[in-house]
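A.B. asks: Here it is, the structure in full.
The values are calculated or read from the model by the stated rules, or taken from the named source; none is laboratory data. Keep in mind the model is a prediction, meaning the values are calculated, not measured. All Cβ positions, glycine included, derive from the backbone under ideal geometry; neighbour counts span all protein chains shown. We work out accessible area using only protein heavy atoms, side chains counted, and drop any ligands, DNA or RNA first. Shrake-Rupley method; radii C 1.70, N 1.55, O 1.52, S 1.80 Å.
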Amino acid sequence: MSIQTLNLTPDLYKYLLSVSVKETEVLQKLRQETSNHPLGKMQISPDQAQFLALLIKLMGVKKILEIGVFMGYSSTAMALALPENGQLIACDNRQDFTDIAQRYWQKAKVDRKITLHLKPALETLQELIDNDEKETFDFIFIDADKSNYYNYYKKSLELVRKGGVIAIDNVLWYGKVVDENITDNTTQKIREFNDKLAKDDRVELSMISIGDGLTLAMKK
């Protein structure tokens, strides 16, 4: 037993991955390609991707919304966890990144499940709301520009069904959220976002110290 979450040393984290993560060959290759990119640290960790995939299976998810695709590691992992008739709506505005994602969606044979909207995500979310898709999504993953996190969350709360989950990445922001000397706009936005969610009675909440911090908000 422990009264607080264990701090993972590099060796302990390596052990955790070795005895728990079961990546497909396609996911392994995608993770390697992404890690070689100058912005590779934007990719979620393999244990986090597997955790999301497990949640999707446990919940019986059939319809996912992803806000922020990057090179497609999380969307590929989530799409693989969907049933054959599952659907994933992917939002991003960077074709250079999503071209790589689409290549791996095809390799993983999940491209038929994924619809990419290549435009500002807030526009796509509003279009979904206007097209009567409120409360039709089972699972929403937010991992995009941090300054818009609360705007994404507000629209996601309209789109997710009751009992559905909104997962938000990077809520610990490399530990910067607790350093009072760090006052840049992005860090402040994440602090404000976390504070607002903690007071939001519309959801059941859990913040998990996986990856760079993951908040799970279940709509009541």
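A.B. asks: Return yes or no: is residue 104 among the hydroxyl-bearing types (Ser, Thr, Tyr), surrounded by fewer than 24 Cβ atoms within 10 Å (Cβ to Cβ), in a helix (DSSP H, G or I) and over 17 Å from the mean Cα position of the chain (by Cα)?
C.D. replies: Values: among the hydroxyl-bearing types (Ser, Thr, Tyr): yes; surrounded by fewer than 24 Cβ atoms within 10 Å (Cβ to Cβ): yes; in a helix (DSSP H, G or I): yes; over 17 Å from the mean Cα position of the chain (by Cα): yes.
It is true that residue 104 is among the hydroxyl-bearing types (Ser, Thr, Tyr), surrounded by fewer than 24 Cβ atoms within 10 Å (Cβ to Cβ), in a helix (DSSP H, G or I) and over 17 Å from the mean Cα position of the chain (by Cα).
A.B. asks: Going by what's in this entry, would residue 194 be described as polar (S, T, N, Q) and under 16 Å from the mean Cα position of the chain (by Cα)?
C.D. replies: On the way: polar (S, T, N, Q): yes; under 16 Å from the mean Cα position of the chain (by Cα): yes.
Spelling it out, residue 194 is indeed polar (S, T, N, Q) and under 16 Å from the mean Cα position of the chain (by Cα).
A.B. asks: Also: Can you report the number of residues in the stretch 43-82 which are of a type in the set (A, V, I, L, M), in a helix (DSSP H, G or I), open to solvent by less than 20 Å² (accessible area, probe 1.4 Å) and in contact (Cβ under 8 Å) with a residue 40 or more places away in the chain? Don't jump to the end; show me each part of the working.
C.D. replies: Residues of the stretch 43-82 of a type in the set (A, V, I, L, M): 44, 49, 52-56, 58-59, 61, 64-65, 67, 69, 71, 77-82.
Pick out the ones that are also in a helix (DSSP H, G or I) and you get 49, 52-56, 58-59, 77-81.
Adding the requirement that they be open to solvent by less than 20 Å² (accessible area, probe 1.4 Å) leaves 49, 52-53, 56, 77-79, 81.
Those left that are additionally in contact (Cβ under 8 Å) with a residue 40 or more places away in the chain: 52, 56, 77-78.
Of the residues in that region, 4 qualify.
A.B. asks: In the stretch 83-94, which residues are in a loop (DSSP other than H, G, I, E, B) and open to solvent by 20 Å² or more (accessible area, probe 1.4 Å)?
C.D. replies: Hits for the stretch 83-94 are 83, 84, 85, 93, 94.
A.B. asks: Do we find a residue being in contact with a Lys or Arg (Cβ under 6 Å, 6 or more places away or on another chain) and open to solvent by 20 Å² or more (accessible area, probe 1.4 Å) anywhere in the stretch 160-174? Talk me through it step by step, then tell me what you get.
C.D. replies: Step one: of the stretch 160-174, the residues in contact with a Lys or Arg (Cβ under 6 Å, 6 or more places away or on another chain) are 160, 162, 164.
Checking which are open to solvent by 20 Å² or more (accessible area, probe 1.4 Å) leaves us with 162.
Yes.
A.B. asks: Check off (1) out of contact with any helix residue (DSSP H, G or I) (no Cβ under 9 Å at 6 or more places or on another chain); (2) among the small types (Gly, Ala, Ser); (3) under 23 Å from residue 53 (Cβ atoms) for residue 198 and give me the number that stays unchecked.
C.D. replies: (3)
A.B. asks: Kindly provide the set of residues from the stretch 184-220 that are outside any strand (DSSP E or B), of a type in the set (A, V, I, L, M, F, W, C) and open to solvent by 40 Å² or more (accessible area, probe 1.4 Å), ordered by number. Show your work before the answer.
C.D. replies: Initial filter on the stretch 184-220 (outside any strand (DSSP E or B)): 184-202, 209-213, 220.
Remaining after also requiring of a type in the set (A, V, I, L, M, F, W, C): 190, 193, 197-198, 210.
Selection gives 198 alone.
Here is a yes/no grid of residues against (1) among the aromatic types (Phe, Trp, Tyr); (2) within 15 Å of residue 77 (Cβ to Cβ); (3) in contact with a Leu (Cβ under 9 Å, 6 or more places away or on another chain):
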| residue | (1), (2), (3) |
| --- | --- |
| 28 | no, yes, no |
| 45 | no, yes, yes |
| 48 | no, yes, yes |
| 51 | yes, yes, yes |
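A.B. asks: On to the next question. Testing residue 162 on (1) touching a helix residue (DSSP H, G or I) at 6+ places or on another chain (Cβ under 6 Å); (2) part of a strand (DSSP E or B); (3) not hydrophobic (A, V, I, L, M, F, W, C), one condition comes back false. Which one is that?
C.D. replies: With respect to (1) touching a helix residue (DSSP H, G or I) at 6+ places or on another chain (Cβ under 6 Å); (2) part of a strand (DSSP E or B); (3) not hydrophobic (A, V, I, L, M, F, W, C), residue 162 is out only on (1).
A.B. asks: Any idea which of (1) open to solvent by 60 Å² or more (accessible area, probe 1.4 Å); (2) over 20 Å from residue 80 (Cβ atoms) is the one residue 16 doesn't satisfy?
C.D. replies: (1)
A.B. asks: Something else now. Checking residue 34 against (1) hydroxyl-bearing (Ser, Thr, Tyr); (2) at pLDDT 95 or above; (3) buried (at least 20 other Cβ atoms within 10 Å of the Cβ), which single condition isn't satisfied?
C.D. replies: Status for residue 34: all satisfied but (2).
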